[in-house]
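Read through the structure below, which is laid out as structure tokens, and then see the notes.
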Amino acid sequence: MRTALLQSSGRPGSVDENLKVLDEAADRAAAAGAGLLAAPEMFLTGYAIGDDIGRLAEPADGDSADAIAEIAGRHGLAIAYGYPERDGDTVFNSAQLISAEGVRLANYRKTHLFGCFERDHFRPGEQPVVQAELNGLTVGLMICYDVEFPENVRAHALAGTDLLLVPTAQMHPFQFVAESVVPVRAFENQLYVAYVNRVGREGEFEFVGLSTLAGPDGVARARAGRAQELVFADADPVALAGSREANPYLSDRRPGLYGSLV
């Protein structure tokens, strides 16, 4: 499945403008043959927007979800995007996957919040593995800091995830995560990892770009730079099956030895 990674911060604070950016990217991605477009963490509203997070937060089935479903259906490709999700009085840092037919397939709430900023504005989610079937692949969702916990990604591997989508807001000086950690996670868990970042400065944060789609061989199939960019790579189920057959990591596990980890 050809996958497009939208490395962009859009216009923080403006949902309408960010929907326009997403629509334009979906048009370009579809023209290039992509079956999936992935946007960064909190793309719908912007990340460093302070108390506007609560004001702009929407339910998973809110107006913006409907608008993105329309975009997905019109361009004929699935879309994954980050947004602040309101559930009653609670706000989560969430990511949602919508099919090419405009159907909501999966919604994930970030389980590991990073720093005081996120802990002040969000409640952590409690479901570590969220998946959906898309174009012959089992697609999983995770957000930014979550991928830095080996247990999280291994849980996806054991649950059968083929392509792990990780909308992120990776900031300076932690660019080594995109450069080194993400390809290692893909290799040690024998899956594809699509890590799609924001870029540029927002408030106190400087986002580093470097969005990547890493394969089960630990090699980056696509790597963006430090500017706004749309990059493409393929998640190939045939290549994935061959890699899993050749690499014994998962079959050589000895779970009986790992009880002390929890």
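The values are calculated or read from the model by the stated rules, or taken from the named source; none is laboratory data. As the structure is a prediction and not an experimental result, all values here were calculated from the model. Virtual Cβ from ideal backbone geometry, glycine too; neighbours counted across all protein chains shown. For accessibility, only protein heavy atoms count, side chains too; no ligands or nucleic acids. Shrake-Rupley method; radii C 1.70, N 1.55, O 1.52, S 1.80 Å.
Side notes on the structure shown:
- Taking amide H atoms as placed 1.01 Å from N in the peptide plane, the amide H of ASN247 has no partner under 5 Å among residues 5 or more positions away or on other chains.
- Separation in nanometres of the label points that stand 7 Å from Cα toward Cβ, at GLU70 and ALA32: 2.6
- For segment 63-153, trypsin sites (Lys or Arg not before Pro) meeting the loop criterion (DSSP other than H, G, I, E, B) and having at most 10 other Cβ atoms within 10 Å: none.
- For the chain, the normalised intensity computed at q = 0.08, 0.09, 0.10, 0.13 Å⁻¹ comes to -0.27, -0.35, -0.43, -0.75 (log10 of I(q)/I(0), Debye sum over alpha carbons, equal scatterers, no solvent).
- Additional length obtainable on full extension of the chain from VAL262 to ARG2, 0.36 nm per residue less Cα span: 89.9 nm
- Rg ratio for segment 34-143: its Cα radius of gyration over 2.2 N^0.38 Å, N being its residue count, equals 1.03.
- Cut-off under 5 Å, modelled amide H: who pairs with LEU37 long-range: ALA4, ALA78, ILE79, ALA80
- For the pair GLU126 and ARG104, a Förster radius of 25 Å applied to the C-beta separation gives a FRET efficiency near 0.80, rounded to the nearest 0.05.
- Added length on full extension, which subtracts the Cα-Cα distance from 0.36 nm per residue, GLU151 to GLU133: 4.3 nm
- Probe 1.4 Å, accessible area per residue of segment 8-105, Å²: 36
- Cα gyration tensor shape of segment 169-262, rounded if a/c is under 1.5, else prolate or oblate by comparing a/b with b/c: oblate
- DSSP beta bridges fully contained in the chain are about 70 percent antiparallel.
- Computed E for GLU206/ARG55 - FRET, C-beta separation, R0 35 angstrom, nearest 0.05: 0.90
- Accessible area per residue for segment 162-258 is 43 Å², calculated with a 1.4 Å probe on protein heavy atoms, without ligands, DNA or RNA.
- Surface accessible to a 1.4 Å probe, VAL199 within the full protein complex, Å²: 20
- Of the GluC sites (Glu not before Pro) found in segment 30-130, the ones in coil according to DSSP and having at most 13 other Cβ atoms within 10 Å of their Cβ are GLU101, GLU126.
- Rounded Å value of the spacing that divides the Cα centres of segment 69-84 and segment 11-28: 11
- Fraction of accessible area attributable to carbon and sulfur, the chain (%, probe 1.4 Å): 49
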